[in-house]
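Everything on this sheet refers to the single structure shown next.
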Amino acid sequence: LSAYFQPKLLAGLRVLVSAGPTLEMIDPVRALTNLSSGKMGYAVARAAYEAGATVTLVSGPTCREAPLGVTRLSVTSTEEMGQALMNTAGLADIFISVAAVADYRPAICATQKIKKSEQTLTLDLIPNDDILLQIANRADAPFCVGFAAETENLPENGEAKRHRKNLPLLVVNRAQDALGSDDNELLLLDDEGKHLLPHADKLTLARQLIAHIARLYLHKTK
Ligand code: CTP
Ligand code: CA
């Protein structure tokens, strides 16, 4: 296996990875979240470390252990994840945003448990900041990679998203294939076009993705 990463593609580089879901509290016992096991993001962090990088992983709530050699910062809400990433992005050469970030949060978090009644319950939701968009458009932006789970029109939706966020690379996967699964299939969209990483386990895909990112990054900074 060590032969796979000879020479170390990311030696001397600092890589920031986000993974897992974020969680937005509704009241003291209930929350709004996205489905995300953290498997793909943790695999990407591990693969970046194997490739010689110094890796920081900002993770939403998951049941996973931090990969060996990786520094993990655990967060819960999107706001906390945003703060942790904004504070560390300036030091990173590469930021890979794998987290399934909640797009909205309740306008207010009830201080007491909301009691059930026969009435329908309406929650007011307000939008969260787009962390990746903010980091990718900073003057000191690292090389930013987005991850999108789509249910349909993967190349079109992915390319539109890549341009909207101003990303050199966006990875798209089919939500139905990716969620909770040990395997996946990734479509990489960059300035050179489309590149498919066919069906494999998530660690294999993460290693192939890191090799692709290293190629683009080294080409860009040459
Ligand atoms: N992302 C982020 N902050 C948000 C929402 C998303 O940093 N508030 C990041 C994700 O980590 C991912 C990328 O943006 O790398 C794409 O996320 P996705 O949910 O697919 O895109 P959105 O722009 O939120 O669009 P939509 O959910 O409407 O498809
Ligand atoms: Ca979203």
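The values are calculated or read from the model by the stated rules, or taken from the named source; none is laboratory data. Fair warning: this is a prediction, and the values are worked out from it, not measured in the lab. Positions of Cβ are backbone-derived with ideal geometry, glycine not excepted, and every protein chain shown enters the neighbour counts. Areas reflect the complete protein model, heavy atoms only, side chains present, ligands, DNA and RNA absent. Shrake-Rupley method; radii C 1.70, N 1.55, O 1.52, S 1.80 Å.
Couple of notes before you dig in:
- For region 115-145, a tally of residues being among the polar types (S, T, N, Q), more than 10 Å from ligand 1 (Cβ to nearest atom) and within 21 Å of Arg164 (Cα to Cα) returns 1.
Yes/no per residue for (1) within 19 Å of Pro142 (Cβ to Cβ); (2) of a type in the set (Val, Ile, Thr):
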position	(1), (2)
Gln6	no, no
Ala11	yes, no
Glu24	no, no
Asp27	no, no
Thr33	no, yes
Gly41	yes, no
Val44	yes, yes
Ala47	yes, no
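- Qualifying residue in region 138-150 (condition: charged (D, E, K, R) and touching a residue at least 40 places away in the same chain (Cβ under 8 Å)): yes
- Listed here are the strands (runs of 3 or more DSSP E) enclosed by region 1-120 that have at least 3 residues being more than 16 Å from Phe147 (Cα to Cα): 23-27, 30-33, 54-59, 71-74, 104-106.
- Taking helices (runs of 4 or more DSSP H) as the structural unit, those lying wholly within region 131-222 and holding at least 2 residues that are hydroxyl-bearing (Ser, Thr, Tyr) and either modelled with pLDDT of 95 or more or surrounded by 13 or more Cβ atoms within 10 Å (Cβ to Cβ) (or both) correspond to 202-221.
- Among the residues of region 84-109, those that are open to solvent by 30 Å² or more (accessible area, probe 1.4 Å), under 25 Å from Leu32 (Cβ atoms) and either at pLDDT below 95 or within 15 Å of ligand 1 (Cβ to nearest atom) (or both) comprise Met86, Asn87, Val101, Asp103, Tyr104, Arg105, Ile108, Cys109.
- Check on Glu65, acidic (Asp, Glu) and within 16 Å of ligand 1 (Cβ to nearest atom): no
- Every residue from region 121-130 that is in a loop (DSSP other than H, G, I, E, B), over 30 Å from Leu187 (Cα atoms) and not acidic (Asp, Glu): Leu121, Thr122, Leu123
- Failed condition for Gln112, given (1) open to solvent by less than 70 Å² (accessible area, probe 1.4 Å); (2) more than 9 Å from ligand 1 (Cβ to nearest atom): (1)
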